[in-house]
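The values are calculated or read from the model by the stated rules, or taken from the named source; none is laboratory data. Remember, it's a predicted structure, so these values are computed and weren't measured experimentally. Cβ placement follows ideal geometry from the backbone for every residue including glycine, while neighbour counts extend to all protein chains displayed. We work out accessible area using only protein heavy atoms, side chains counted, and drop any ligands, DNA or RNA first. Shrake-Rupley method; radii C 1.70, N 1.55, O 1.52, S 1.80 Å.
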Amino acid sequence: MSRPRLVASDLDGTLLGRDGMITERTARAWRDLWQARIRTVIVTARPPRWVDHLAAITGDHGIVICGNGAFLYDVAHRRILETHGMAPALVHELVADLRAIDGVSFSAELADGFHREDAYPAGTPDGIPEIGLERIGPLQDIGAPVGKLLARAPHRPAEEFLEEVAAIIGDRALLSRSCTGGLAEIGPADMTKARALETWCGQLGIDASEVWAFGDMPNDIPMLSWAGTGWAVANAHEDVLAVADRVCGRHDEDGVAGALENLLAEVPAAS
């Protein structure tokens, strides 16, 4: 297997354990890539406020691609460098149309933080603790680009709810799925993890064939398909396993670390 020039990874369900934290083994393997002069970047559905505690593994560039590509975040300086969001008018239009779904409520991720309705339930569907749930402002007052619109209808069957959301938004926005349960993550129609990673690699002069990418959920599929080698962790969604080039161990068994350790042991270092 050829040596990659860059390794990209999703976080939850992939690089992190069940508790949402990184183990010492995985952190060490990730840092060892730098010593081998292999670049790294984290590409996650998490908003910027959810990655500050991972600053130690971002590498010297200090950047995390957040919100499925909507935000380019400088962890070291706690600042958003770029926002690729939906126009407020479109967001208000989508919200109005989605109100047709019984019991639906909304929140939104913007550069200034988290906006939510009072009815929006706390916590994520798969139990990952929320961070920074304070409401910055009411949804109806949003006047800046929205990186991600989140919709939930807890009393509706998850798959049925997501199918209905997809039908309503059509091609006006992109529905993605980064966790289990009925959380509809709605982002810009032209923004995916793959596009954000391609842009990042282009700035570094790195071709897709020189990239390894790790993921576990359907929102990772474009990134894994774009990368020269797309890795699924063993616990990945069946759709991800179906498209991955290779499979490593489970996220809660340091699967990514195992693959990286094998890479560093078997592939000679660059001269």
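Each part gets one Cα centre, and for segment 222-248 versus segment 7-31 those centres are 16 Å apart.
Calculated accessible area for segment 53-128 comes out at 42 Å² per residue, all protein chains present (probe 1.4 Å; ligands, DNA, RNA ignored). The apolar share of the surface of the chain, taken as the fraction of accessible area on carbon and sulfur atoms (1.4 Å probe, ligands and nucleic acids excluded), comes to 50 percent. Listed peptides 201-208, 92-99, 6-13 appear in the order 6-13, 92-99, 201-208 once ranked by packing, highest mean of other Cβ atoms within 10 Å at the front. Using a cutoff of 8 angstrom between alpha carbon atoms and counting only pairs six or more residues apart, the relative contact order for the chain works out to 21 percent. Summing Cβ point charges (Lys, Arg +1; Asp, Glu -1) relative to the Cα centre of the chain gives a dipole of roughly 700 debye.
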